[in-house]
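To start, the structure under review is shown below, and the notes come after it.
Please treat every number below as a calculation from the coordinates, not as lab data. This one's a predicted model, so the numbers in the text were calculated from it and none came from an experiment. Using ideal geometry, Cβ is built from the backbone for each residue, glycine included, and neighbour counts are taken over all protein chains shown.
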Amino acid sequence: MIVREKPRFWDILFAVRGSIVPRIAPHMAAMGLVSALAVLLVRWHPEVFAQLGAMPFTLIGIALSIFMSFRNNACYDRWWEARKLWGQLIIETRSFARQTMDLDLARREPLLLGLCGFAHGLAARLRNQDEASRIMPWVGKNFAISGPNPTDAVLRQIGNQCVRLISNGTISDIRYSVLEQRLSTLSAVQAGCERIKATPLPFAYTLLLHRTAYLFCILLPFALAEALGWWTPLLVITVCYTFFGLDALGDELEEPFGLEMNDLPLDAMVRVIERELLDALGRTDLPPLLGPVDHRLT
């Protein structure tokens with residue numbers, strides 16, 4: 001995720017890091033060449049494009065803008081829901097740590113370190129990385145991590161530890177119910193994140209928008225060339241920057257758990273959870289918070 005201060009005038013004009021420009025630059029360059037070709041064709045054969053006016057493109061552009069805003073809103077809703085789920089994850093781990101304060105360190109440590117492993121495993125799972133290798137440094141031999149879903153296996157093992165605590169009378173029935181509720185919420189957070197990851201926007205919806213945007217930008221210079229001449233590439237590139245930029249930004253927000261510029265900083269949020277749980281265990285050698293590198297927080 002890009003972390004920057006409010007852009008100044010200079011940044012608005014020249015900032016590239018964190019913008020969508022590097023991703024769409026080839027498309028803008030191609031549209032610039034098409035525009036130059038349109039100007040030449042109109043000058044060589046003006047009669048061919050004499051009846052092609054700008055009014056149809058105005059109507060199509062308005063409709064395309066509305067259609068694109070709907071898609072981008074849907075993509076942003078996915079991104080924001082994913083962020084709320086990870087916020088809920090942080091809340092639940094803090095609450096779990098607070099509700100186990102009266103346990104001795106030998107019983108409490110496997111539970112809280114297991115939650116660290118769960119957070120690391122969930123981030124790896126959502127980014128198609130190796131879950132088990134991210135989990136094992138935190139749980140070691142305390143938990144048996146196996147099966148197709150190692151991250152959920154961590155929660156099962158924490159639940160089993162809580163069952164042992166109530167069986168030997170260490171915690172009461174009420175305390176067990178509270179802890180189990182926390183684990184159920186963490187499981188719901190994982191399921192919500194997996195739902196977002198496994199359910200993209202309908203392909204036909206995205207394909208229709210892509211085709212319409214490209215067709216509009218390819219044909220637009222032929223309608224403007226006669227009136228604007230060599231100013232046509234500048235205007236067309238500006239329009240393409242808006243349409244292609246919104247389209248590309250929607251693609252990034254649609255998958256909020258990846259490693260693109262505007263995706264969620266899962267590693268930074270995992271580090272927050274890690275630090276707070278280790279602090280709850282009385283550790284003083286806490287790992288540092290992750291900060292943005294060249295304005296990017298991962």
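Below is a table of values for the structure above.
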{"item": "Under Karplus coefficients 6.51, -1.76 and 1.60, residue-wise ³J(HN,Hα) of the stretch 288-293 in Hz, glycine/proline x", "result": "x, 4, 7, x, x, 10"}
{"item": "Nonlocal amide H pairs with R296, under 5 Å, H built at 1.01 Å", "result": "V3"}
{"item": "Length-normalised contact order of the chain in % [C-alpha pairs under 8 Å, at least 6 apart]", "result": "37 percent"}
{"item": "Karplus 3J(HN,Hα) series, Hz, for the stretch 98-113 with 6.51 cos²θ - 1.76 cosθ + 1.60 (x for Gly, Pro)", "result": "5, 7, 10, 4, 7, 7, 6, 4, 5, 8, 7, 4, x, 5, 6, 5"}
{"item": "Estimated FRET transfer efficiency when R0 is 22 angstrom, pair L290-W80 (beta carbons, to 0.05)", "result": "0.55"}
{"item": "Estimated vicinal HN-Hα couplings, Hz - the stretch 248-261 in sequence order (Karplus 6.51, -1.76, 1.60; Gly, Pro = x)", "result": "5, 5, x, 4, 5, 6, 4, 10, x, 9, x, 10, 7, 4"}
{"item": "Computed FRET value (nearest 0.05) for R275 with N73, which takes r as the C-beta separation and R₀ as 30 Å", "result": "0.30"}
{"item": "At R0 = 35 Å, FRET efficiency that the Cβ-Cβ distance of R211 and S133 yields, to 0.05", "result": "0.25"}
{"item": "Geometric extent, Cα atoms of the chain - Rg, Dmax (angstrom)", "result": "26.4, 92"}
{"item": "Exposure proxy order (Cβ contacts within 10 Å, fewest to most) of D102, D251, D279", "result": "D102, D279, D251"}
{"item": "Residue of K197, K141, K84 that the Gaussian network model of the chain assigns the largest fluctuation, springs spanning Cα pairs under 10 Å", "result": "K141"}
